[in-house]
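See below for the structure under consideration.
The values are calculated or read from the model by the stated rules, or taken from the named source; none is laboratory data. Just so we're clear, the structure is a prediction, and the values are computed from it rather than from any experiment. Here the Cβ positions follow ideal geometry from the backbone for every residue, glycine too, while neighbour counts run over all protein chains shown. The accessibility values were calculated without ligands, DNA or RNA, using every heavy atom of the protein model including side chains. Shrake-Rupley method; radii C 1.70, N 1.55, O 1.52, S 1.80 Å.
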Amino acid sequence: MKKRWISLFALLVLLALSSCGFAWMVFNSGIGESETWETYERHYAMVTDGTDSELWDRIYESALLEGKERGIYVERFGESLAVPYTRDQILDLAIKASVDGIITTGDEDEETIALIDEAVDAGIPVVTVLQDSTGSRRQCFVGCSNYSIGQEYARQILNLVEQSGDADIQDVLVLLDTDAQDASQNLILLAIRETLEESLGADSPLVVESAAIDNSRDFSPEESIRDIFLSAEELPDVLVCLNAVYTRCAYQAAVDYNNVGDVEILGYYDSDVILEAVSKGIVASTITFDAEQMGALCVQALDEYDETGYTNNYLAVDIRLIGSAEAEALLSGE
């Protein structure tokens with residue numbers, strides 16, 4: 001009983017130190033009587049939107065490792081809470097906890113922008129990652145060039161057109177997130193259209209359209225994408241997926257409805273499931289980025305701002321295309 005009271009007291013002390021802006025300490029129980037403490041100079045909070053959990057796990061693990069090397073504790077704020085909170089609610093909690101820096105996915109929603117500005121006004125620097133909040137006063141955006149991503153998708157479409165021979169590719173469908181509040185998707189779509197027009201000419205019969213995917217419920221994307229495959233007469237020649245969830249749903253729908261080979265799927269990200277689909281030829285190729293580099297750059301940007309008061313407004317993360325041969329090599333560990 002005495003040890004239990006001591007542990008509770010230690011936890012209360014840690015919470016008090018965090019809220020007051022003191023050094024953040026992590027308590028670890030060793031074997032037997034040994035106990036160790038790790039002391040950090042700063043405490044950063046990473047706030048995500050709950051989608052693409054595998055992607056965010058990789059980004060966070062990299063940020064956590066980079067932080068430890070710099071004497072900074074990076075916390076996955078709001079993780080494993082008994083009650084589900086929205087990203088903006090968790091942002092508000094991080095501000096109230098007086099953390100030393102915030103890493104969050106952004107958008108152009110007014111509430112999100114207001115919260116980011118509130119954090120900056122409170123002396124908490126903010127780095128947006130993957131998606132930006134351009135209307136906010138965040139210190140830095142860490143992400144990929146959306147126009148470059150669109151150009152890469154267009155190059156893959158051109159390759160498919162060249163390889164198709166007599167089976168002409170005439171229609172391309174790009175899956176867009178209805179909940180996205182930023183212009184990143186539109187920029188990718190614009191780049192696809194402009195690159196194709198530049199290569200094929202304005203009078204090309206190739207048509208690029210978009211479809212809004214419902215994300216209001218957990219299984220809404222899966223249902224929306226399955227509906228596309230159920231309408232055989234409306235099935236496009238090429239399906240472009242702009243996130244990992246859509247890629248997995250499209251891959252599974254193609255298998256379930258026996259449409260493998262009827263539609264060319266261009267994917268996003270490099271999870272094991274997606275790499276397996278690419279290696280089997282069910283997904284033609286996938287565009288990905290260095291998630292580890294992304295997490296590390298977020299911590300570097302916040303640390304630089306804390307140390308100097310300045311940091312780059314934008315830090316670019318490398319993107320790359322993965323085809324069948326490389327997918328097989330990655331899966332085999334080569």
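Pairs of Cα atoms under 8 Å, at least six residues apart: use those to get the relative contact order of the chain, whole percent. Walk me through the numbers before you get to the answer.
Numbers: 579 pairs, mean separation 54.8, N = 334.
The value is 16 percent.
Placing a label point 7 Å from the Cα of E38 along the Cα-to-Cβ direction, the residues of the stretch 73-90 whose backbone N falls under 17 Å of that point are 73-77. Taking amide H atoms as placed 1.01 Å from N in the peptide plane, list the residues 5 or more away in sequence, or in a different chain, whose amide H sits under 5 Å from that of R76. Residues meeting the amide H criterion: M46.
Expected output is a single nm value to one decimal: the length gained when fully extending between L190 and E110, i.e. 0.36 nm times separation in residues minus the C-alpha distance. What is it?
Details: separation 80, 0.36 × 80 = 28.80 nm, distance 2.44 nm.
So the chain would gain 26.4 nm between L190 and E110.
Span-like helices, the chain: DSSP H, alpha-carbon axial extent 20 Å or more, mean Kyte-Doolittle -1.0 or greater, which ones?
Numbers: long enough: 2-19 (26 Å, 1.24); 53-69 (24 Å, -0.73); 146-164 (27 Å, -0.58); 184-200 (24 Å, 0.32); 291-308 (26 Å, -0.29).
What comes out of the filter, once short or polar helices are dropped, is 2-19, 53-69, 146-164, 184-200, 291-308.
Ranking G323, Q252, V126 by Cα position along the charge dipole of the chain, where only Lys, Arg, Asp and Glu carry charges on their C-beta atoms, puts V126 farthest toward the positive end. For the stretch 234-283 versus the stretch 84-105, the spacing of their alpha-carbon centroids is 34 Å. Within the accessible surface of the stretch 147-275, defined with a 1.4 Å probe on protein heavy atoms only, the carbon and sulfur portion equals 43 percent. Positive end of the dipole of the stretch 231-334 (Cβ unit charges, origin at the Cα centre): among I265, F289, Y314, the Cα lying farthest that way belongs to I265.
With the other protein chains left in place, how much accessible area per residue, in square angstrom, belongs to the chain at a 1.4 angstrom probe? All intermediate terms of the calculation are to be shown ahead of the outcome.
Values: 16860 Å² over 334 residues.
Heavy-atom SASA per residue in the chain reads 50 Å².
The alpha carbons of the chain stretch over 77, 43, 37 Å along the principal axes, in descending order.
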